[in-house]
Amino acid sequence: MKLIKESPYKWRVEKFGKMNVDAIIFTDSKPDIEAIEQLINVASLPGIVDAAYGMPDIHWGYGFPIGGVAAFDKENGVISPGGVGFDINCGVRVMTTQLKYFEIEKYLDKLINKIYNEIPVGIGSRNYTKLSVKEMKNIIENGAYWALNNNYGILEDLNNIEDSGKIIHTDFKCISSEAIKRGSDELGTLGSGNHFIEIQKVDEIYNNDFGLFKDQLVFTIHSGSRGLGHQIATDYIKIFRDNLKEWNKNIPDKQLINAPFNSEYGQNYFYAMNGAANYAFANRQLIGHKIRKIFKELFNLEVKLLYDITHNIAKLEKHIVDGKEIELIVHRKGATRAFEGQPVIIPGDMGRASYILLGTSKVAFSSSAHGAGRVLGRRQAKKSLRANEVINELKEKNIIILAKSKNTIVEEAPEVYKNINDVIKVVEKSGISKKVAKLVPIGVVKG
């Protein structure tokens, strides 16, 4: 392996061995060797074009690294559950108010407790209503449109959601009854792990592209497709293993199990994955609606949606490769779309900051980082940190946290993540996106 530092923020592994393309990593320090090895494996998959990319928050994941981007020719390439992840359409949305932080400071405890008590959070969190199979079909086919048709939101929301909150390439028949069952009582729930609701204030404004202002009160929601998406990934990994043994016999890592995109198996997974993505759009729409209701009840003010974006998905997109526009299946796992002029949301850890940026280039198929990136595993975190210490650390920064589990507090401590400021510096210096605003947390809800 020949690792070349091409610039202060870009490294390249030139094609060797079974690689079909180079591997490129955007970072200001020497990339993690495990993540590089995974990216090299991705670069060996059939039909990959241009390069396998690693974002500044890259770290080891299932098959593909988290923070990985890879695009495959629609006609000759593959689709891989490992390139999407188990939490299909895990994503973030930012909602804005017209208040400044000092105007609600004395009500912050009440606000965060109401959010914590009214939005189900934690492992296996359930909603109070179990949806019918017919209603689940409607959600899977219509995403955020289903939510609006059921009075969860306002029409202008659709203009501020990736794909308007509805991906059309879905087929309910491609989703197992077990997946449907798992999703039937989880709509409108947050989940656990790194999922969160944060009350934040705008700390710095770099330009005024989205009309934000200093000390503005905003909310960020991070959640995905819950058990439905996890079951779909599990189902199709097994289906591919049982039915595509010959096709996958030479893959460098069994976690890179895949199907030809245009095959029956590849299309079935694609349609099922999109159904989970629509469910996730509806899920975040419901959580956002609940926050709107809470804010209206407490302050009699409206909350607007700035943008909602996914960072675990494979999408059909047209891009220029070797001077020719072709249709590709672009895998972004722990990476976010960053089309020119589009809001880009990159949350950090619960003790530092998050950022809103503006997509500015076509680098890495117009992709960007999705977060800070872990530097410490969950087991390591539990060995070295204590929940009370993390809570006190946040308290010293005037950050309130409410969580279902002390383990979550430890596993999601600021220390387990890269410094988001360093990640954003690489994103901007690499020409991927430009900074619009920095948000700092004042209240955090975790599972």
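If I ask for residues that are among the basic types (Lys, Arg) and either in contact with a Gly (Cβ under 8 Å, 6 or more places away or on another chain) or not in a helix (DSSP H, G or I) (or both), which ones from region 240-278 would you list?
Lys245, Lys249
Kindly establish whether Leu99 is buried (at least 18 other Cβ atoms within 10 Å of the Cβ), more than 23 Å from the chain's Cα centre (by Cα) and not in a loop (DSSP other than H, G, I, E, B).
no
Given the options Ser176, Ser125, name the one that is out of contact with any His (no Cβ under 7 Å at 6 or more places or on another chain) and farther than 26 Å from Lys446 by Cα.
Ser176
Quick check on region 112-134. Is at least one of its residues closer than 20 Å to Met273 by Cα, out of contact with any Cys (no Cβ under 8 Å at 6 or more places or on another chain) and not in a loop (DSSP other than H, G, I, E, B)?
Yes - at least one qualifying residue is present in region 112-134.
For Gly82, only one of the following conditions fails: (1) closer than 22 Å to Arg284 by Cβ; (2) small (Gly, Ala, Ser); (3) part of a helix (DSSP H, G or I). What is its number?
(1)
Could you tell me how many of the residues in region 381-433 are among the charged types (D, E, K, R), within 15 Å of Ala353 (Cβ to Cβ) and out of contact with any Gly (no Cβ under 9 Å at 6 or more places or on another chain)?
Within region 381-433, residues that are among the charged types (D, E, K, R), within 15 Å of Ala353 (Cβ to Cβ) and out of contact with any Gly (no Cβ under 9 Å at 6 or more places or on another chain) number 3.
This table checks each residue for (1) out of contact with any helix residue (DSSP H, G or I) (no Cβ under 9 Å at 6 or more places or on another chain); (2) among the aliphatic types (A, V, I, L, M); (3) at pLDDT below 95.
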| position | (1), (2), (3) |
| --- | --- |
| Tyr128 | yes, no, yes |
| Ile154 | no, yes, no |
| Lys173 | no, no, no |
| Ile180 | no, yes, no |
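I'd like the full set of residues that are outside any helix (DSSP H, G or I), more than 14 Å from Ile140 (Cα to Cα) and not small (Gly, Ala, Ser), limited to region 150-184.
If the condition is that a residue be outside any helix (DSSP H, G or I), more than 14 Å from Ile140 (Cα to Cα) and not small (Gly, Ala, Ser), then Asn150, Asn151, Tyr152, Ile154, Ile161 are the ones that fit.
List pairs: first in region 59-73 and assigned to a strand (DSSP E or B), second aromatic (Phe, Trp, Tyr) and surrounded by fewer than 24 Cβ atoms within 10 Å (Cβ to Cβ), Cβ under 9 Å, 6+ apart or cross-chain?
These pairs meet every condition: Ile66/Trp60.
Inside region 357-379, can you point out the residues that are touching an Asp or Glu at 6+ places or on another chain (Cβ under 9 Å) and assigned to a strand (DSSP E or B)?
Once the filter is applied, which keeps residues that are touching an Asp or Glu at 6+ places or on another chain (Cβ under 9 Å) and assigned to a strand (DSSP E or B), region 357-379 yields Leu357, Leu358, Gly359, Ala369, Arg374.
Tell me, which residue of region 51-89 that is closer than 23 Å to Leu228 by Cα and in contact with a His (Cβ under 6 Å, 6 or more places away or on another chain) is surrounded by the fewest Cβ atoms within 10 Å (Cβ to Cβ)?
Taking the candidates together, the pick is Phe86.
Restricting attention to region 19-50, and to residues there that are surrounded by fewer than 23 Cβ atoms within 10 Å (Cβ to Cβ), in contact (Cβ under 8 Å) with a residue 40 or more places away in the chain and not in a helix (DSSP H, G or I), which single residue is nearest to the chain's Cα centre (by Cα)?
Taking the candidates together, the pick is Ile24.
Regarding region 380-397, can at least one residue be identified that is surrounded by fewer than 24 Cβ atoms within 10 Å (Cβ to Cβ), within 18 Å of the chain's Cα centre (by Cα) and outside any helix (DSSP H, G or I)?
no
The values are calculated or read from the model by the stated rules, or taken from the named source; none is laboratory data. Quantities reported herein were computed from a predicted structural model and do not represent experimental measurements. Neighbour counts run over all protein chains shown; Cβ positions are idealised from the backbone, glycine included.
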